[in-house]
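Student: Dumping the structure here so I can ask a few things about it.
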Amino acid sequence: MYATGEDQRALGAGLRLSQAQVSRKQSGRAAWSLTDLDRLAVHYGMPVVDLLSGADHAVSKLSPRRRAALIGGTQTSMAF
């Protein structure tokens, strides 16, 4: 999310989850399902294995269209 400039609400929309559900999953108070991982991979445009290979690896696999102009900044439009 940091590299794409998304917030929990935007990520939730992409995963068909509420902001509260994303918050619980990110904090460890709820588990990520296989369906969540599949949707996350589609949302970020990469195979699930890249998501599970560590944050630095996953960020390196992001399409330049998905990255925020400034890491930690906000993305003004979603690229699909």
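Student: Just give me the residues in region 10-28 being exposed (fewer than 13 other Cβ atoms within 10 Å of the Cβ) and either in contact with a helix residue (DSSP H, G or I) (Cβ under 8 Å, 6 or more places away or on another chain) or over 21 Å from LEU52 (Cβ atoms) (or both), in sequence order.
Tutor: Result: ARG16, ALA20.
Student: Go through region 33-72 and report how many residues are outside any helix (DSSP H, G or I) and either loosely packed, with under 14 Cβ neighbours inside 10 Å or of a type in the set (D, E, K, R) (or both).
Tutor: 14
Student: Being within 13 Å of LEU15 (Cβ to Cβ), of a type in the set (S, T, N, Q) and modelled with pLDDT of 90 or more is the requirement here; does SER53 meet it?
Tutor: No, not satisfied.
The values are calculated or read from the model by the stated rules, or taken from the named source; none is laboratory data. Nothing here was measured: the structure is a model prediction, and the numbers come from that model. Neighbour counts are summed over all protein chains in view; Cβ atoms, including those assigned to glycine, are modelled from backbone coordinates with ideal geometry.
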